[in-house]
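K.L.:
Just passing along the structure, written as structure tokens.
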Amino acid sequence: MMTKKARLGQFLSRNPYPHGLTDGLFYREKMRAIHRVAPAEIGGSGRVLEIGGGRSGLASILYPEAEIITLDIDPELGEHQPSWARSIFVCGDACSLPLDDDSFDVVTMFDVLEHIEDDRRAAQEALRVVRPGGYILISTPEMNWHYPYFNVMKPLCPHESELMREWGHVRRGYRDPQLADLFNRRPERRATFINPVTAFFHDVSFSRIGRRRRKILYALAAPVTLVGYLMHRPSTRGTETAFAWRK
């Protein structure tokens, strides 16, 4: 039995971030990159483990017919899963998964590794529970990520250290060789997102600018941003990257 991933348009239309074409454009870019690296079909039993799924429920949107297990270390998130997350919630630690070996067809870690102190242990646990031939999908910032991207926005934006604390980062991000070392091999596929053009929308989204002024800035930058979005390819320079490993 094969479980198919959602069509790209269907997937992007379910962007859980408010104002998906302005404040949430960066999240749309992330979803597109994930869709680009995710396998079109998954075999086996169609089981997907979403580690650190939080409130996004992305795995449920990506594979709408799959059996989804959402695992997070925060037990309260079990009470705050989105309505579309057709998943079973399990409270657990990514570094010690309470799950059997080779029991999932896909394991996802979307914006998770940069939050985990023992990232090597977490990577090895993900490899342990995915079946041979199965996939591990992750997204993570690049090591050279910085905010705001454009210096002109600095007076209008909180310092990146504030966001790092708010988001719970324990490291800035990764270089490709570091991730290859964590997973004992190079990824099968990779796709970047948030390029130098679309990064302006990201800066505005997390700035201190009021909603009315943000709308004006979005409108002024929209034509160039649209071109930047449409022209973005998996290998285009980006501040974050999605990866796929096959066991």
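K.L.:
Taking the conditions exactly as written (within 20 Å of P39 (Cα to Cα), modelled with pLDDT of 95 or more and among the acidic types (D, E)), does D105 satisfy them or not?
P.N.:
For D105, the condition - within 20 Å of P39 (Cα to Cα), modelled with pLDDT of 95 or more and among the acidic types (D, E) - is met.
K.L.:
Of everything in the range 66-83, what is outside any helix (DSSP H, G or I) and surrounded by 14 or more Cβ atoms within 10 Å (Cβ to Cβ)? Give them in sequence order.
P.N.:
Within the range 66-83, A66, E67, I68, I69, T70, L71, D72, I73, Q81, P82 qualify.
K.L.:
I need every pair where a residue in the range 159-183 that is closer than 15 Å to M109 by Cα has its Cβ under 6 Å from the Cβ of a residue that is assigned to a loop (DSSP other than H, G, I, E, B) and aromatic (F, W, Y), sequence separation at least 6 or different chains.
P.N.:
Here the result reads G173/W145, each pair linking the range 159-183 to a residue that is assigned to a loop (DSSP other than H, G, I, E, B) and aromatic (F, W, Y).
K.L.:
Being surrounded by fewer than 24 Cβ atoms within 10 Å (Cβ to Cβ) and of a type outside the set (K, R) is the filter; apply it to the range 43-55 and report the residue that is nearest to H115 (Cα to Cα).
P.N.:
Only one residue fits best here, namely G52.
K.L.:
From (1) assigned to a helix (DSSP H, G or I); (2) surrounded by fewer than 19 Cβ atoms within 10 Å (Cβ to Cβ), pick out the condition that doesn't hold for S60.
P.N.:
(2)
The values are calculated or read from the model by the stated rules, or taken from the named source; none is laboratory data. None of these values were measured; they are calculated from a predicted model. When we count neighbours, we look across all protein chains shown, and the Cβ atoms used for this are built from the backbone with ideal geometry, even at glycine.
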